[in-house]
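Quick note: the coordinates plus some simple rules give every number you see, no bench work behind them. Keep in mind the model is a prediction, meaning the values are calculated, not measured. In this analysis, Cβ positions are derived from the backbone assuming ideal geometry, glycine residues included, and neighbour counts consider all displayed protein chains.
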């Protein structure tokens, strides 16, 4: 495969991943595979390089959601702050420790996530419960741990985020996706600085991937902000993504 063909595959795969990340999560399973298997980066450098497209895609999607009234930062800041703090801690670990060993248990976590998504599907399609007030001593450590995970490896973080926000915090699925993009954009920018300081980012390849991810994130956020059945579509995409990921992890 020539360099031009590799870059074309990278942009196309990144475009699909950008859409998946915006509407559900786990698009990094695609981009990390492209970075390591197609573009030949070592795992830790791929982990750092992958963050460039995640940042641009998350930034543009959260901007679209905000402009369409789907993102209320002030109302959700109590959820945002502990995630960002946790992500910084996770990023500090990621630049010093390989996450290869994590893949052995990741597939079992994906099965757990699928079960959580499938049980009582109506919970995923309800409106935000503004009267629900989660206890700070429950959501603070939970969201800190979520941020730590995202800062460390990122892959699958979006699905974990949706499970916690929709089922735990009772926030509407599309609004949860909007918050997810905003939070990930902020902490990914900070994590990029850590990876760059350690020399673990290929800016050329990361920029190429970012082209596809940004376009995918923009178009998907625009669609999700305006479509009447966006919640249902996002829910089904979430199930499909999990089934495909589990199939790939267990069957190879």
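Brief remarks on what is shown
- Within region 155-252, all pairs of alpha-carbon atoms sorted by distance into 10 Å bins from zero give the percentages 13, 37, 35, 15, 0.
- Fluctuation leader among 109, 209, 165 - the chain, Gaussian network, Cα springs under 10 angstrom: 109
- Taking 0.36 nm per residue of sequence separation and removing the Cα-Cα distance, the residue 203/residue 38 pair yields an extension gain of 57.8 nm.
- Efficiency of FRET between residue 4 and residue 223 - r from beta-carbon atoms, R0 25 angstrom, step 0.05: 0.25
- Principal-axis tilt of helix 77-94 within the chain, Cα atoms, nearest 10 degrees: 30 degrees
- Among (1) 15.2; (2) 20.0; (3) 12.5, the entry derived from the coordinates for mean projected area of the Cα convex hull in nm²: (3)
- When you restrict to C-alpha pairs under 8 Å that are six or more residues apart and normalise by the size of the chain, the relative contact order lands at 42 percent.
- From most to least packed by mean Cβ count within 10 Å, the peptides 112-125, 4-17 give 4-17, 112-125.
- The simple Förster model, with R0 at 22 Å and r as the Cβ-Cβ distance, assigns residue 190 and residue 250 a FRET efficiency of 0.05.
- Helix-only mean residue ellipticity at 222 nm for the chain, each DSSP H run of n ≥ 4 adding -39500 (n - 2.57), per residue, nearest 500: -24000 deg cm²/dmol
- Nearest-ten-degree value, helix 3-23 long axis tilted from longest Cα axis of the chain: 10 degrees
- Burial order of peptide ranges 194-204, 37-47 (average beta-carbon count within 10 Å, highest first): 37-47, 194-204
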